[in-house]
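Written out below as structure tokens is the structure these notes cover.
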Amino acid sequence: MANSIALRLASQDDCRQLFEWRNDPTTVAMSLVSEPVAWEDHVRWFESVLANPARHLLVASNGEESFGTVRFDDIGDTAEISITVSPEKRGQGVGGLLLELAATWAKEELGLNRILAQIKATNPASIAIFKKSGYEITSDGEVLSLVKYL
Ligand SMILES: CC(C)(COP(=O)(O)OP(=O)(O)OC[C@H]1O[C@@H](n2cnc3c(N)ncnc32)[C@H](O)[C@@H]1OP(=O)(O)O)[C@@H](O)C(=O)NCCC(=O)NCCS
């Protein structure tokens, strides 16, 4: 499985799938804005992200099924990363793999030097995968800031 998963740019066809992942209860609880999103708001958001050259929405897929999504929001030579694994694929190492693929993609496609992340202190699975992937915590509190140099 691991070898065949790759990141591709999201397209209009991914809109519904990302909506379902965004409103999964764990994703809602772990989002910085911890509220479910209405369908109309999601569609507006999705289209604005696809149209924004400073935002990069990716889907992890093996060509048959989708495993999760990664988003980069550019800030110069740095970008902030956001990740969601499909609920039924969690706890199997997919998140760690997506972070590795995402770092390679950010370096090769965007020429980034640095990736930032913000993670709720109540999200141990996320903190675990980011630390394992080489991110360092730069500030503590209810929301942790992390950084990885590429
Ligand atoms: C966070 C998320 C991306 C992790 O993806 P995943 O595929 O489940 O993660 P993995 O299986 O690669 O690894 C999970 C790691 O967390 C660890 N973990 C899980 N629950 C844990 C807990 N309660 N305490 C400590 N570690 C925990 C696991 O042991 C594993 O580490 P290991 O590989 O060293 O054993 C995924 O759960 C998710 O999409 N959650 C909802 C959205 C979200 O929280 N996104 C991140 C916002 S910052």
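What follows is calculated from the coordinates using simple rules that are stated; it is not laboratory data. Just so we're clear, the structure is a prediction, and the values are computed from it rather than from any experiment. A quick note on method: Cβ atoms are made from the backbone with ideal geometry, for glycine too, and the neighbour counts reach across all protein chains shown.
Once both labels are positioned 7 Å from their Cα atoms along Cα-to-Cβ, the gap between N52 and L150 label points is 1.9 nm. The calculated FRET efficiency for T26 paired with R114, based on their beta-carbon distance and R0 = 41 Å, is about 0.90.
Taking each DSSP H run with n ≥ 4 as -39500 (n - 2.57) and averaging over every residue of the chain yields -10500 deg cm²/dmol at 222 nm.
Tell me, what is the FRET efficiency for T122 and R8 to the nearest 0.05, using R0 = 25 angstrom and their Cβ-Cβ distance as r? If you can, show how the numbers build up before the last one.
Values: r = 31 Å, r/R0 = 1.25.
With R0 = 25 Å, the Cβ-Cβ based efficiency is 0.20.
Restricting the count to DSSP beta bridges whose residues both fall in the chain, what percent are antiparallel, rounded to a multiple of 5? That works out to approximately 90 percent antiparallel.
Measuring nothing but how far apart in sequence close Cα pairs (under 8 Å, 6+ apart) lie, relative to its length, the chain scores a relative contact order of 20 percent. Computed on the Cα trace of the stretch 2-149, the radius of gyration divided by the Kirkwood hydrodynamic radius gives Rg/Rh = 0.93. Once C-alpha pairs closer than 8 Å and six or more residues apart are averaged by separation and normalised to the residue number of the stretch 28-100, the relative contact order reads 17 percent. Here the stretch 132-150 is scanned for amide nitrogen atoms under 14 Å from the site 7 Å beyond the Cα of S34 along Cα-to-Cβ, giving 142-144.
With +1 on each Lys and Arg Cβ and -1 on each Asp and Glu Cβ, how big is the dipole of the chain about its Cα centre, in debye rounded to the nearest 20?
With only Lys, Arg, Asp and Glu charged at Cβ, the dipole is about 360 debye.
Ordering V33, V85, V143 by the number of other Cβ atoms within 10 Å of each residue's own Cβ, fewest first, gives V33, V143, V85.
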